[in-house]
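Structure first, then comments.
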Amino acid sequence: MNPFAGEVALVIDGQRHVAKLTLGALAELETVLQADSLIALIQRFEEGRFTTRDVLAVVVAGLRGGGWSGQASDLMTAEIAPAEAARSAALLLARAFALP
């Protein structure tokens, strides 16, 4: 895993996955959340006003950006700690827009 490339590790069903928000993943995220802007989404995370839908959408987009071919529905029964998912989603957003 390379945090300088925006990568975040996430454990799902006991298996470690690498997630990152590529440009395509970010575009998918905007569409799924019908967001006015990603800045508004980032602000929700910074202010602790995010929803579980936000977390799931960011995690799915990040996993897909990392090469995962699943869908959000695949995570509905997966074992993933909610706090870990929220932390990973926040890190994905922070790393996607961090300057080198």
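Read the figures in this text as sums done on the coordinates, not as results from a lab. If you're wondering where the values come from, they're calculated on a predicted model, not measured in any experiment. Here the Cβ positions follow ideal geometry from the backbone for every residue, glycine too, while neighbour counts run over all protein chains shown.
Has segment 9-16 got any residue that is farther than 19 Å from F97 by Cα, in contact (Cβ under 8 Å) with a residue 24 or more places away in the chain and among the charged types (D, E, K, R)? Yes: one or more hits. Restricting to segment 1-29, count the residues that are surrounded by 16 or more Cβ atoms within 10 Å (Cβ to Cβ) and assigned to a helix (DSSP H, G or I). The total comes to 4. Among the residues of segment 83-96, is there at least one that is touching a Pro at 6+ places or on another chain (Cβ under 7 Å), part of a helix (DSSP H, G or I) and among the charged types (D, E, K, R)? Yes: segment 83-96 contains one or more residues that are touching a Pro at 6+ places or on another chain (Cβ under 7 Å), part of a helix (DSSP H, G or I) and among the charged types (D, E, K, R).
The C-beta contact set for segment 31-56 (first residue within 25 Å of S73 (Cβ to Cβ) and touching a residue at least 12 places away in the same chain (Cβ under 8 Å), second residue among the hydroxyl-bearing types (S, T, Y) and surrounded by 10 or more Cβ atoms within 10 Å (Cβ to Cβ), distance under 9 angstrom, 6+ apart or interchain) comprises V55/S88.
Within segment 57-100, the residues that satisfy the criterion of being among the aliphatic types (A, V, I, L, M) and touching a helix residue (DSSP H, G or I) at 6+ places or on another chain (Cβ under 6 Å) are A57, V58, V59, V60, A61, A72, A85, A86, A89, A90, L92, L93.
If the condition is being assigned to a helix (DSSP H, G or I) and either free of Cβ contacts under 8 Å to residues at least 12 places away in the same chain or basic (K, R) (or both), then segment 62-82 contributes R64, S73, D74.
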